[in-house]
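In what follows, a structure is listed as structure tokens, so that the remarks can point back to it.
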Amino acid sequence: MDHFLSEEQEMIVDIARQISDERIIPQRAELDEKHAFPGEILNEMAQADLFGVPIPEEYGGFGGGCFDIILAVEQLGRGCIGVGTAYAANFLGTYPLIFSGSEEQKQKYLPEVATGKKFAAFGLTEANAGSDASGINTTAVLDGDEWVINGTKQWITNGGEAEIYTIVAMTDKSRGARGASMFVIEAGDPGFTFGQKEKKMGIRASSTTELIFKDCRIPKDRIIGRQGSGFITVMKTLDASRPGIAALGVGLGQAALDEAASYAKQRVQFGKPIIAFQAIQHMLADMATHVEAARALTYAAAKHIDANPKNVSKASAMAKLFATDMAMKVTTDAVQVMGGYGYMQEYPVEKMMRDAKILQIYEGTNQIQRNVIGQELNKEYAR
Ligand SMILES: Cc1cc2nc3c(=O)[nH]c(=O)nc-3n(C[C@H](O)[C@H](O)[C@H](O)COP(=O)(O)OP(=O)(O)OC[C@H]3O[C@@H](n4cnc5c(N)ncnc54)[C@H](O)[C@@H]3O)c2cc1C
């Protein structure tokens, strides 16, 4: 379906599609097998200016909105959502600075992100604080002109690869959610190290590590926004970023559909290509319909966010929920259409099905997305 993109948006799609086709798809199986971070591919993406898309123009970017960035993410996700996750998590790590950073912080960090010179990551989750982020135990205590940070963040995408980390720590535990603040940490800050790289079911091209803070000392001006405003920035960040996860789902769903449909045209059983069987046609018809529906909702949510209304949480959560449940279903059905061949590593749908699962888990599980949508409905219908 035609979504009537502007010339600039078509250009973003073309650049990301070309990188996906020429650089990501030929390498994705190897990156997956070796759990290898796609540093070279990301450098090429930087040279193609893809890192500047959502960075404001005054800091060296293109000042694009949520819709612009998800167009790039969708194309990268069509190639490999491990690579797409590394790219998208870079902006997850950057949004706190864009939304709540001081002028000095923006001038220091954003131009380096826009050119791809430096890479970012976002650290919220801890061993005992996943869906319930208010349970974080990492602390930040002011000591003279420095914050002293202690604690461990878990499963942080781009961990060990990024140079800029935006993290959440408690500055006053007694104030509950209002006692959390965000900070920017730089690789190389004293007392800041990484845990081992996790071995994962899927998205193996993305790096996932712990961030370990042991009396990590950072200058006082590294706090992002007001003290105690950490969770407000986190919520804004996740609202802006979740359509990106939806877009990874759309790209992945499209890729799985493409593989399954081409296979069904050439696989012959009972003397006919299997696409001639109505059972297979119906599966493909449902897959194609769900991909288009997820794309339409994801694009609509991104455009809604770009219009800057008061509340975007429901639209953002709906897109993430629908498109990622779609990706899990469509990749599973792609394996089914391809039968035993689909289950073999020789064909890409095996990896696609393994990769899809994370989309229903990170940036808030799909149960949490339903909670967000439900809470918003509860407010709307109380009026
Ligand atoms: C590969 C990977 C990359 C990640 N990258 C990052 C990152 O870059 N930065 C970061 O900060 N975090 C990251 N995470 C963490 C991720 O966001 C969390 O895993 C996720 O939010 C869920 O938390 P949990 O795994 O602790 O699950 P839990 O919160 O323990 O949930 C377990 C189950 O209980 C359900 N559940 C929990 N509470 C409720 C409730 N109230 N209602 C209904 N169901 C509920 C959940 O939906 C889930 O099914 C990453 C995780 C992974 C696996």
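The values are calculated or read from the model by the stated rules, or taken from the named source; none is laboratory data. What you see is a predicted model; the values in this text were computed from it and never measured. Using ideal geometry, Cβ is built from the backbone for each residue, glycine included, and neighbour counts are taken over all protein chains shown. The area values use the complete protein model at the heavy-atom level, side chains included, leaving out ligands, DNA and RNA. Shrake-Rupley method; radii C 1.70, N 1.55, O 1.52, S 1.80 Å.
Numbers at a glance
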quantity: Scope segment 154-198; condition part of a strand (DSSP E or B), open to solvent by 10 Å² or more (accessible area, probe 1.4 Å) and under 28 Å from A114 (Cβ atoms); matching residues; calculated: W155, T157, E186, F192, T193, F194
quantity: One residue from T139, T125 being open to solvent by 10 Å² or more (accessible area, probe 1.4 Å) and farther than 27 Å from V312 by Cβ; calculated: T139
quantity: Selection from segment 1-26 of residues that are open to solvent by 50 Å² or more (accessible area, probe 1.4 Å) and among the polar types (S, T, N, Q); calculated: Q18
quantity: In segment 194-208, residue nearest to M352 (Cα to Cα) [restricted to those that are more than 10 Å from the ligand (Cβ to nearest atom) and touching a residue at least 40 places away in the same chain (Cβ under 8 Å)]; calculated: A205
quantity: One residue from G79, G151, G61, G101 being surrounded by 17 or more Cβ atoms within 10 Å (Cβ to Cβ) and either under 23 Å from L252 (Cα atoms) or within 19 Å of the chain's Cα centre (by Cα) (or both); calculated: G79
quantity: Pair list, Cβ under 9 Å, 6 or more apart: segment 112-126 residue over 24 Å from Q47 (Cβ atoms) and away from the ligand (no atom under 16 Å from the Cβ), other residue of a type outside the set (A, V, I, L, M, F, W, C) and open to solvent by less than 20 Å² (accessible area, probe 1.4 Å); calculated: none
quantity: Residue that is nearest to A247 (Cα to Cα), among those in segment 302-327 that are polar (S, T, N, Q) and surrounded by fewer than 21 Cβ atoms within 10 Å (Cβ to Cβ); calculated: S313
quantity: Close pairs from segment 130-156: first touching a residue at least 60 places away in the same chain (Cβ under 8 Å) and farther than 12 Å from F213 by Cβ, partner more than 7 Å from the ligand (Cβ to nearest atom) and open to solvent by less than 60 Å² (accessible area, probe 1.4 Å), Cβ under 7 Å, at least 6 apart; calculated: A133/V234; S134/G176; S134/A177; D145/P219; E146/I218; E146/P219
quantity: Count - residues of segment 1-45 that are part of a helix (DSSP H, G or I), among the hydrophobic types (A, V, I, L, M, F, W, C) and farther than 20 Å from F119 by Cβ; calculated: 4
quantity: Subset tally (residues that are under 14 Å from K329 (Cβ atoms) and either in contact with a Phe, Trp or Tyr (Cβ under 7 Å, 6 or more places away or on another chain) or of a type in the set (S, T, Y) (or both)) for segment 236-293; calculated: 1
quantity: Pair list, Cβ < 9 Å and 6+ apart or interchain, from segment 359-372 residues that are within 9 Å of A317 (Cα to Cα) and at pLDDT 95 or above to residues that are of a type in the set (S, T, Y) and more than 9 Å from the ligand (Cβ to nearest atom); calculated: N366/T324; Q369/S316; Q369/T324; V372/S313; V372/S316
quantity: Selection status of A246, out of contact with any Leu (no Cβ under 7 Å at 6 or more places or on another chain) and not in a loop (DSSP other than H, G, I, E, B); calculated: yes
quantity: Looking only at segment 273-301, and only at residues there that are free of Cβ contacts under 8 Å to residues at least 40 places away in the same chain and more than 19 Å from G342 (Cβ to Cβ), the one that is most open to solvent (accessible area, probe 1.4 Å); calculated: Q278
quantity: Residue list for segment 46-58, restricted to those being in contact (Cβ under 8 Å) with a residue 60 or more places away in the chain and open to solvent by 30 Å² or more (accessible area, probe 1.4 Å); calculated: Q47
quantity: All positions within segment 153-175 that are within 12 Å of the ligand (Cβ to nearest atom) and at negative phi; calculated: K153, Q154, I156, T157, G159, E161, A162, Y165, T166, I167, V168
quantity: In segment 328-361, residue nearest to the ligand (Cβ to nearest atom) [restricted to those that are surrounded by fewer than 20 Cβ atoms within 10 Å (Cβ to Cβ) and part of a loop (DSSP other than H, G, I, E, B)]; calculated: I361
quantity: Segment 362-383, subset hydrophobic (A, V, I, L, M, F, W, C) and either part of a loop (DSSP other than H, G, I, E, B) or more than 14 Å from the ligand (Cβ to nearest atom) (or both), residue farthest from A294 (Cα to Cα); calculated: A382
quantity: Filter result (over 20 Å from the mean Cα position of the chain (by Cα), part of a loop (DSSP other than H, G, I, E, B) and farther than 21 Å from T94 by Cα) within segment 128-145; calculated: N128, N137, G144, D145
quantity: Condition broken by Y95, with the remaining ones in (1) surrounded by 18 or more Cβ atoms within 10 Å (Cβ to Cβ); (2) not in a helix (DSSP H, G or I) satisfied; calculated: (2)
